[in-house]
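Down below is the structure, laid out as structure tokens.
The values are calculated or read from the model by the stated rules, or taken from the named source; none is laboratory data. Since the structure is predicted, the reported quantities are computational estimates derived from the model, not experimental observations. Positions of Cβ are backbone-derived with ideal geometry, glycine not excepted, and every protein chain shown enters the neighbour counts. What goes into the accessible areas is simple: the full protein's heavy atoms, side chains included, and nothing from ligands, DNA or RNA. Shrake-Rupley method; radii C 1.70, N 1.55, O 1.52, S 1.80 Å.
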Amino acid sequence: MSSAMDLSARLFSAESFDDPHRFRGIVRTYTAGDVQRLQGSVVIRHTLAELGARRLWHLLNTEDYVAALGALTGNQAVQMVRAGLKAIYLSGWQVAADANTAGQMYPDQSLYPVDSVPAVVRKINAALVRADQIECAERSTGHDWFLPILADAEAGFGGPLNAFELTKAMIEAGAAGVHFEDQLASEKKCGHMGGKVLVPTGQFIRTLVAARLAADVMGVPTIIVARTDAQSAKLLTSDVDERDRPFLESSTRTAEGFYRLTGELDCAIARAIAYAPFADVLWCETSTPDLAGARRFAEEVHAKFPHKLLAYNCSPSFNWAKKLDPATIATFQVELGKMGYKFQFVTLAGFHALNFSMFELARNYAKRGMAAYSELQVAELAAEPGGYTATRHQREVGTGYFDQVAEVISAGQSATLALGESTEAQQF
């Protein structure tokens with residue numbers, strides 16, 4: 001098996017330690033030999049993850065900023081490609097709410113099975129693969145379907161070994177990047193909930209190291225995003241890390257044994273600076289859409305790490321119209337981009353778009369019947385010049401593609417082709 005091991009070493013070297021542009025400023029607490037020893041003797045290529053990671057890194061370093069929406073389904077991701085977005089975000093909140101492998105509706109508290117987000121990454125990539133196959137079969141090359149997916153790894157669902165395995169699962173599913181947050185996994189909350197408990201700074205750094213090691217072992221230059229919830233978190237598990245002590249309220253404990261924090265943005269900045277050598281991108285979860293706070297965070301991080309990329313959650317938990325005037329909202333992302341926030345995303349876009357659009361249709365249908373549904377269809381047809389194609393739903397999901405498969409199998413003699421004589425073909 002020596003030849004396979006040699007190939008493994010070459011793959012690792014090419015994608016990791018030998019690329020100063022990709023990994024400028026990144027600290028590894030392990031060696032190339034450690035990685036090669038953990039890789040095994042057979043190289044398994046993770047094409048979609050590799051392609052996505054390289055593409056996302058290129059976008060982050062060449063675009064003013066990358067704007068993404070949270071996808072809940074494969075079909076939503078397909079529409080994002082058609083509409084011209086360049087990346088896809090996958091939120092654990094949305095997976096908890098309506099797309100987890102337990103088949104339950106959960107709040108964003110890491111209650112769902114750990115394989116749930118990788119399963120949705122795989123589902124989204126499968127939808128993009130099918131859309132690409134359909135276009136190629138139709139001899140059309142209008143889209144580059146394989147948008148990079150940045151996926152939510154929450155607080156890792158445990159310790160460093162859990163983070164290591166979860167990162168591997170994300171890569172196997174085809175994720176371009178993953179983000180981890182510095183909360184206690186067993187008490188994890190949505191960034192816009194109360195009751196958040198942080199782990200010590202050094203403990204979260206071990207999570208980031210575990211994620212990087214997993215990516216190196218898999219031979220993929222995965223984008224590692226470190227999120228801190230320190231701006232609004234009020235609790236800390238332990239005072240063992242001296243970097244956390246300036247932000248402790250006192251030595252008193254809660255009933256659960258947690259320490260109380262008072263650091264807010266100062267604490268978030270200190271943590272981000274500590275995480276910077278171990279992450280490609282830094283994200284400070286905020287409570288409001290605040291350009292002044294974003295600017296201060298960016299300036300203090302960049303004073304220590306001038307080239308560090310930043311991410312910003314343009315959250316639907318914020319009441320945007322209440323907090324900001326229309327002109328500020330219109331330029332908000334442009335201003336963030338100037339500060340270095342290169343990945344900007346609406347985490348729960350899929351959830352809100354799905355629920356609002358279905359509510360509106362159902363409400364109008366309850367009142368006006370088919371007149372309401374016909375209006376939806378007219379609107380779909382009107383969107384076709386802009387690239388929308390799902391009006392023709394049979395074609396959208398691959399009926400024509402599988403007709404071509406059947407024709408190839410039958411050497412052009414099949415009498416059971418589905419699309420040509422369909423109602424859709426006759427009426428649309």
note = Rounded to whole angstrom, the alpha-carbon centroid of the range 150-166 lies from that of the range 13-83 at a distance of 16 Å
ask   = Pairing the Cα long axis of helix 74-83 with the longest principal axis of the chain, what angle in degrees results, from 0 to 90 and rounded to the nearest 10?
value = 80 degrees
query = Percent relative contact order of the range 97-179, based on C-alpha pairs within less than 8 angstrom and at least six residues apart?
reply = 30 percent
task = Express the accessible area of the chain per residue in Å², computed with a 1.4 Å probe while the remaining protein chains stay in the model.
result = 46 Å²
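With contacts defined as alpha carbon pairs under 8 Å and 6 or more residues apart, what's the relative contact order of the chain in percent?
17 percent
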inquiry  = Pairs of alpha-carbon atoms within less than 8 angstrom and 6+ residues apart define the contacts here; what relative contact order does the range 25-118 have, in percent?
reply    = 16 percent
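Take the residue pairs K168/K304; K123/K168; K234/K308; K86/K308 and return only those whose Cα atoms are more than 25 Å apart.
Numbers: K168/K304 31 Å; K123/K168 17 Å; K234/K308 27 Å; K86/K308 21 Å.
Flagged as over cut-off: K168/K304; K234/K308.
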ask   = Which percent of the accessible heavy-atom area of the chain goes to carbon and sulfur, probe 1.4 angstrom?
value = 56 percent
query = Under the Karplus relation 6.51 cos²θ - 1.76 cosθ + 1.60, θ = phi - 60°, what is the ordered set of whole-Hz ³J(HN,Hα) values for the range 378-390, x standing for Gly and Pro?
reply = 4, 5, 4, 4, 5, 7, 4, x, x, x, 6, 10, 6
key: Derived scalar couplings ³J(HN,Hα) [the range 190-206; Karplus, 6.51 cos²θ - 1.76 cosθ + 1.60; whole Hz; x for Gly, Pro]   = 3, x, 10, 9, x, x, 6, 10, 8, 8, x, 3, x, 5, 5, 4, 5
remark   = Ranked output for segments 317-327, 101-111 by mean other Cβ atoms within 10 Å, highest leading, reads 101-111, 317-327
query = Each residue of the range 102-112 in turn: what ³J(HN,Hα) in whole Hz from Karplus with 6.51, -1.76, 1.60 and θ = phi - 60°, glycine and Pro shown as x?
reply = 7, x, 10, 9, 10, x, 7, 9, 6, 8, 8
task = Kindly work out what percent of the DSSP beta bridges joining two residues of the range 243-352 are antiparallel, to the nearest 5.
result = 20 percent
message = Can you give me the angle between helix 160-173 and the longest principal axis of the chain, using Cα atoms only, in degrees from 0 to 90, rounded to the nearest 10?
response = 20 degrees
key: With 5 Å bins from 0: P(r) over the range 301-428, alpha-carbon pairs, percent   = 2, 8, 10, 11, 11, 12, 12, 9, 8, 7, 5, 3, 1, 0
Most fluctuating residue given options A211, A97, A382, as computed from a GNM of the chain linking Cα atoms under 10 Å = A382
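Over the range 101-193, what number does the Rg to Rh ratio reach, with both radii from the alpha-carbon atoms and Rh per Kirkwood?
Numbers: Rg = 15.8 Å, Rh = 14.7 Å.
Rg/Rh: 1.08.
Mind ranking 216-226, 408-418, 139-149 by how tightly packed they are, going by the mean number of other C-beta atoms within 10 angstrom, highest first?
Peptide ranking by packing, descending: 216-226, 139-149, 408-418.
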task = Quote the accessible area belonging to E138 in square angstrom, nearest 10, computed with a 1.4 Å probe and with ligands, DNA and RNA left uncounted.
result = 90 Å²
message = Can you give the log10 of the normalised intensity I(q)/I(0) at q = 0.12 Å⁻¹, computed with Debye over equal Cα scatterers of the chain?
response = -1.04
key: Distance histogram for the range 243-292 (every C-alpha pair counted, 10 angstrom bins, percent rounded to whole numbers)   = 21, 41, 31, 6
request  = Using amide H atoms built 1.01 Å from N in the peptide plane, name the residues 5+ places from T101, or on other chains, whose amide H lies under 5 Å from its own.
outcome  = S116
